[in-house]
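Visitor: Right, I'll just put the structure down here and ask away after.
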Amino acid sequence: MITLTGINKRHGHQVLFVDASLQLNPGEKVGLTGPNGAGKSTVFRLIVGEEKPDDGEVALPKRLTIGYFRQDMGEMSGRSVIEEAIAGSGKLGELHHEIEQLQRDMADPDKADDMDRILARYGEIQGEYQDLGGYELEARAKEVLHGLGFHDDQIAGDVGALSGGWKMRVGMAKVLLGNCDVLLLDEPTNHLDIESILWLEGFLQQTKSAVLMTCHDRDFMNRLVDRIIDVDDGEFISYTGDYDFMMREQQNRFAQKEATFARQEAMIAKMQRFIDRFGTHVAKAAAAQSRQKKIDKIERVEPPKKREIVPFACKKPPRSGDDIVTLKGVSKAYGAKTIYKGLDFEIKRGERWCVMGQNGSGKTTLLKMVAGHLQADAGTVKLGSVKMGYFAQQALDLLDPELTIYEQVDKEFHLEATGTKRNLLGAFGFSGNDHDKMVKHLSGGEKSRLVLALMLFDPPNFLVLDEPTNHLDLMTKEMLVQTLRDYEGTMLFVSHDRGFLRGLATRVLDVSPCLSGKAPNIYPGSYVEWVERTGMEAPGVHR
């Protein structure tokens with residue numbers, strides 16, 4: 001269906017692809033992986049024609065339809081949410097709006113003189129519109145928007161009033177409504193809560209479209225793809241299986257290459273010892289020279305490169321008291337909408353609470369009240385003797401845009417050794433070349449990594465984390481989970497990443513019932529146990 005053959009591509013001095021080839025077949029679900037900067041997004045741009053290869057060929061069937069979801073979806077304004085979703089859904093959306101306009105024209109007495117043309121055009125496109133499923137389009141649009149977390153009042157509302165994250169969901173709806181032959185999805189789970197992620201998972205499992213996607217959600221990838229294409233050192237390496245299969249296969253290949261390299265090094269070392277010992281020995285000089293010639297002719301095996309996940313060794317936080325935080329009779333409302341009424345909840349030392357709840361149920365509100373960034377309308381929020389660290393997206397604004405990455409760390413921990421600070425940055429994915437990068441030029445994911453690094457370098461004994469894995473790549477997420485497993489403090493967090501929830505949550509607080517004035521569901525076991533007991537990976541969403 002789509003083939004890239006013998007592709008060479010560079011951006012400036014950076015070589016992305018060298019004689020690289022890949023193929024996407026009809027109906028396939030393929031994950032595209034590789035380290036940051038490897039060229040994954042460039043693959044999408046090559047396919048849609050936004051970039052051209054330096055050498056090689058990109059071949060697509062002439063009538064192939066492609067839906068491309070990217071992180072930059074452009075401006076949206078002047079329409080309702082549902083109109084915007086339909087308008088951007090490709091050919092069907094264009095026909096939908098043309099039919100609506102023709103129907104208005106047919107009812108307009110001022111256009112009576114043009115009625116023959118209007119009726120002729122209406123007749124021309126009505127059949128095609130029907131064949132493409134146009135008369136079900138509005139119902140399908142509502143279904144998709146509901147699945148992505150929109151309520152009816154939002155669907156009818158002005159798309160221009162939405163935040164950036166919600167506009168991204170509208171962009172996703174456009175792509176899903178298009179009934180395209182191929183879906184190119186660049187980080188589709190960014191900005192989605194866990195309920196919407198699970199809905200999207202089910203939608204893509206059922207679609208007949210071929211899918212090529214990058215994704216930082218390991219569970220999402222594992223449940224969808226039947227093949228992985230890994231961008232590795234300029235090549236496309238294909239693995240027939242899911243993400244976990246690729247990881248196992250890479251470990252096996254690394255072990256084989258490591259063994260081959262070690263055997264060659266041992267053989268060369270042995271010959272070199274003979275040369276060093278007998279190179280000047282009259283009787284054995286010829287044999288020594290022969291061995292030297294063999295060494296010179298050997299095609300050296302390169303030492304294997306490994307993408308290694310190394311958890312950061314946190315310092316031990318100061319010990320807190322047994323009572324971390326106690327909420328009694330807490331109420332909170334936004335206008336006429338009551339979020340909490342008479343909430344009672346407490347956290348004890350060493351517990352790790354994940355806060356679950358349907359969209360709009362007040363998860364972030366709870367964390368803000370605990371962190372002291374929002375006052376309760378009634379009741380008390382009492383903090384024990386703790387040193388708190390609060391991570392939210394707003395925390396990224398506390399970084400100094402005029403500093404480099406290293407200067408930001410040095411500003412916070414000036415007395416620490418340079419090597420220690422560089423090790424910290426390395427653990428959070430900042431190589432030596434990154435240390436001089438200006439904070440103002442960092443992406444959202446890079447800023448998140450930097451804030452988390454600063455927080456965990458001298459860790460508090462109570463971490464309050466609101467979606468800490470947003471925008472983080474798979475390896476950084478895994479590193480963060482491994483790091484926090486060894487963290488000895490207390491945690492309260494919201495996360496939409498099931499790997500993070502499985503790895504860290506020892507208690508589950510489901511605040512969904514609070515919207516109807518009821519007490520929250522409190523489960524005194526881990527997230528894994530909660531899923532096994534309830535059959536749900538998120539409140540109201542069964543596996």
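Visitor: Has the stretch 508-523 got at least one residue that is touching a Phe, Trp or Tyr at 6+ places or on another chain (Cβ under 7 Å) and aliphatic (A, V, I, L, M)?
Guide: Scanning the stretch 508-523 turns up at least one residue that is touching a Phe, Trp or Tyr at 6+ places or on another chain (Cβ under 7 Å) and aliphatic (A, V, I, L, M).
Visitor: A further question on this structure: Among the helices (runs of 4 or more DSSP H) contained in the stretch 134-226, which hold 1 or more residues that are of a type in the set (Phe, Trp, Tyr)?
Guide: 164-177, 194-206, 218-224
Visitor: Also: Checking Pro539 against (1) out of contact with any Phe, Trp or Tyr (no Cβ under 9 Å at 6 or more places or on another chain); (2) more than 17 Å from Asp193 (Cα to Cα), which test does it fail?
Guide: (2) is the only condition that Pro539 fails.
Visitor: Next question. Take Ala505 and decide whether it is under 26 Å from Tyr340 (Cα atoms), at pLDDT 90 or above and under 24 Å from the mean Cα position of the chain (by Cα).
Guide: Values: under 26 Å from Tyr340 (Cα atoms): yes; at pLDDT 90 or above: yes; under 24 Å from the mean Cα position of the chain (by Cα): yes.
In short, yes.
Visitor: Residue check, Glu83 against (1) outside any strand (DSSP E or B); (2) within 22 Å of Met213 (Cα to Cα), all met but one. Which one?
Guide: Status for Glu83: all satisfied but (2).
Visitor: When you scan the stretch 223-242, how many residues do you find that are surrounded by fewer than 19 Cβ atoms within 10 Å (Cβ to Cβ) and without any contact (Cβ under 8 Å) to a residue 24 or more places away in the chain?
Guide: Matching residues across the stretch 223-242 total 4.
Visitor: Exactly one condition in (1) closer than 30 Å to Met1 by Cβ; (2) part of a helix (DSSP H, G or I); (3) without any contact (Cβ under 8 Å) to a residue 24 or more places away in the chain is not met by Asp72; state its number.
Guide: Only one criterion in (1) closer than 30 Å to Met1 by Cβ; (2) part of a helix (DSSP H, G or I); (3) without any contact (Cβ under 8 Å) to a residue 24 or more places away in the chain is unmet by Asp72, namely (2).
Visitor: If you scan the stretch 226-242, which residues turn out to be among the hydrophobic types (A, V, I, L, M, F, W, C) and within 24 Å of Gly445 (Cα to Cα)?
Guide: Ile228, Ile229, Val231
Visitor: On to the next question. Of all residues in the stretch 375-400, which are loosely packed, with under 13 Cβ neighbours inside 10 Å and among the β-branched types (Val, Ile, Thr)?
Guide: Thr380
Visitor: Those residues that are hydroxyl-bearing (Ser, Thr, Tyr) and outside any strand (DSSP E or B), I need them from the stretch 476-491; list them, please.
Guide: Scanning the stretch 476-491 gives Thr476, Thr483, Tyr487.
Visitor: Among Asp181, Asp131, Asp153, Asp105, which is surrounded by fewer than 20 Cβ atoms within 10 Å (Cβ to Cβ), over 29 Å from Leu472 (Cβ atoms) and in contact with a strand residue (DSSP E or B) (Cβ under 7 Å, 6 or more places away or on another chain)? Even if it seems obvious, please write down each step before you answer.
Guide: Values: Asp131 fails: in contact with a strand residue (DSSP E or B) (Cβ under 7 Å, 6 or more places away or on another chain); Asp153 fails: in contact with a strand residue (DSSP E or B) (Cβ under 7 Å, 6 or more places away or on another chain); Asp105 fails: in contact with a strand residue (DSSP E or B) (Cβ under 7 Å, 6 or more places away or on another chain).
Selected residue: Asp181, the only one of Asp181, Asp131, Asp153, Asp105 that is surrounded by fewer than 20 Cβ atoms within 10 Å (Cβ to Cβ), over 29 Å from Leu472 (Cβ atoms) and in contact with a strand residue (DSSP E or B) (Cβ under 7 Å, 6 or more places away or on another chain).
Visitor: Restricting attention to the stretch 276-292, does a residue exist that is under 25 Å from Ser21 (Cα atoms) and surrounded by fewer than 16 Cβ atoms within 10 Å (Cβ to Cβ)?
Guide: Looking through the stretch 276-292, none of the residues is under 25 Å from Ser21 (Cα atoms) and surrounded by fewer than 16 Cβ atoms within 10 Å (Cβ to Cβ).
The values are calculated or read from the model by the stated rules, or taken from the named source; none is laboratory data. Since the structure is predicted, the reported quantities are computational estimates derived from the model, not experimental observations. Don't worry about glycine lacking a Cβ; one is built from the backbone with ideal geometry, like all the others, and counts go over all protein chains shown.
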